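Reviewing the structure listed below.
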Amino acid sequence: KQAGRILNATNGTEKEYLVAISSRTGELIADNLDAPTSAYRKTGFRDSDMAKILGQKDGVVLIHNHPMSWQPSYRDVLTAAENPRVKASLVVGHDGSLWYFSVKDHVVESLEELYNSAKDIRGDRAESFALKTIQESSSKKVLDWRRLR
């Protein structure tokens, strides 16, 4: 239901929006569909939304869209890993693709170390390198990553 709301709001645009639902009940906790997009192909919650999310003892599942239908990004994974209330995340592509991932909070250090070790050599591709390396080495221990369709 929430993915549909996002896709309807972004149809034919390159905007990204974000929704948080209860990981236990699926109830809507927060969304930013009424907020102007903060930057090109980026999204985030307001402080008032974050307070609602932090108040969820059972945690939340984040849902957001990728207009270009790309897989979850380095920033998507890092954001989820930095917030222990985020239990999982879904990324919905405008082409109908659907990605799921969940991360353990201790992946933050590994991701940042990989990024920092690669940024001088790989430049703009350092984030992709770090994410791919974690995916290949995790064996679902720290990063559970799936393309659902």
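The values are calculated or read from the model by the stated rules, or taken from the named source; none is laboratory data. Quantities reported herein were computed from a predicted structural model and do not represent experimental measurements. Cβ atoms come from the backbone with ideal geometry, glycine included; neighbour counts cover every protein chain shown.
Side notes on the structure shown:
- Scanning the stretch 82-114 for residues that are in a loop (DSSP other than H, G, I, E, B), over 14 Å from the mean Cα position of the chain (by Cα) and modelled with pLDDT of 90 or more yields His94, Asp95, Gly96, Ser97.
- Positions within the stretch 16-45 being more than 15 Å from the chain's Cα centre (by Cα), closer than 21 Å to Pro67 by Cα and not small (Gly, Ala, Ser), in sequence order: Leu33, Asp34, Pro36, Thr37, Tyr40
- Qualifying residue in the stretch 109-126 (condition: under 28 Å from Ile6 (Cα atoms) and crowded, with 16+ Cβ neighbours inside 10 Å): no
- Qualifying positions in the stretch 46-61 - more than 18 Å from the chain's Cα centre (by Cα) and over 16 Å from Pro84 (Cβ atoms): Ser48
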